[in-house]
Amino acid sequence: MDTIRKNAFQVFLLLSLAIFIFPLGAQNNTEGGYDDFNDEDFLVFEQTPDLVIEASPYVQRSYNDIFPGRTRAEIRSIFSDRGLRNSFDKDGAPQFTPSSASGIDLFSLAKRKNPSHVIEALIVIPYNKRELDLLDIYNSLGRIEKIKDQTIMSRGNPLHVFTDTTRLQDAQNRRAISDPPPSNRLPLSETMYIRFRDAYIGDIFLRGEITQSLYGMTYNITNFRDINFTIFRIMKAERVSIILYLEPVEEGILVYSMSGIFLPDFIMDRLNLTANINARITILLKWIAEGLRIQENLAVDRLREPIEGLIQNEQFSRLINN
């Protein structure tokens, strides 16, 4: 990369010299003309290596490229509605380790919060009507208000874990605002502020950071305020780590998540922590799957009434908002 930059700078410098030296070399003579010069002699530059910038072509990956070596039972779970789950404490290690060549390392991100308990999940949501891309993923993650509509089954009845979910103006002005309409452009990164009203805990104030990479999108969520239960603080700010990685693979949308929280031992001893976190992960996965199905249906409408500025590509598209 340093060689390419050096070569590019040399070409730029030589072109600049050609532009600015030319008027100096063409001095007006006494007869009103210009001194004679030979074009070939004047524009003599030191030969430099050809400037070649080579970019690796994008090749869509398979889930097996990212998580190789899964057993048949694990694969069945990955393609089920629940996905594959695993939990461990601060002394444990993840079971769903991505390939070293995948460029994915959620565990390192989660460890920054020094979690006492971690749950990882892996699922592939198959394509239905068409292949989806990063713009579809981005728009599916933008439906914050719809998270509250998802339920889990509890003793045979549907249960709303979150009674309200909304965006906030920002960290200081926690006024609820509506979700924006689906976007035609894909930002490189974005930060949003969210409030989840948990049926058991109360208000949870979260900061979500979306970043884009070559193959996928990472959604990193943490609490920017303390989490309280009645008058007691049960978790300090910046101790929740919910990391979602989503990538369009050959078989569907791969969703890999790593959720870590820190709770004191005296609280952990009184909670069925794994079940509680799993319930909230289920809500998020159902919300993502629903959003992706909506995006598939919207694509049909787009074909009938194309949206201005939208580049359509059934295999893969990237729209960068510079």
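Coordinate-derived values only; no laboratory data. Source: prediction; values computed, not measured. Note: ideal-geometry Cβ built from the backbone for every residue, glycine included; neighbour counts use all protein chains shown.
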Distant-in-sequence amide H partners of E238 (H built 1.01 Å from N, under 5 Å)
N223, F224, R225
So what's the net charge close to T218: Lys and Arg +1, Asp and Glu -1, counting the other residues with Cβ under 12 Å from its Cβ?
-4
For G142, the residues 5 or more places away or on another chain with a placed amide H closer than 5 Å to its own amide H are none
For N228, residues with placed amide H under 5 Å, excluding near neighbours
I234
How large is ³J(HN,Hα), in whole Hz, for each residue of region 230-239 in order, when computed from phi with the Karplus curve 6.51 cos²θ - 1.76 cosθ + 1.60 and θ = phi - 60°, using x for Gly and Pro?
6, 9, 9, 7, 9, 7, 6, 4, 6, 10
Residue by residue, what Karplus-based ³J(HN,Hα) values in Hz, rounded to whole numbers, does region 134-145 have, using 6.51, -1.76 and 1.60 with θ = phi - 60° and x for Gly and Pro?
5, 5, 4, 4, 4, 5, 5, 7, x, 8, 4, 4
Checking rank on 144-157, 243-256, 278-291, 200-213, with mean other Cβ inside 10 Å and highest first, the result is 243-256, 278-291, 200-213, 144-157
Using just the alpha carbons, could you tell me how many Å³ per residue the convex hull of region 132-171 encloses?
94 Å³
Cα gyration tensor of region 63-304 - equivalent ellipsoid semi-axes, whole Å, descending
27, 23, 17
Excluding same-chain residues fewer than 8 positions from K286, which lysines have a Cα within less than 25 Å of its Cα?
K129, K146, K148
Based only on other Cβ atoms within 10 Å, what is the fewest-to-most ordering of R233, R82?
R233, R82
Using only the alpha-carbon atoms of region 74-212, report the extent along each of the three principal axes, biggest first, to the nearest angstrom.
41, 38, 36
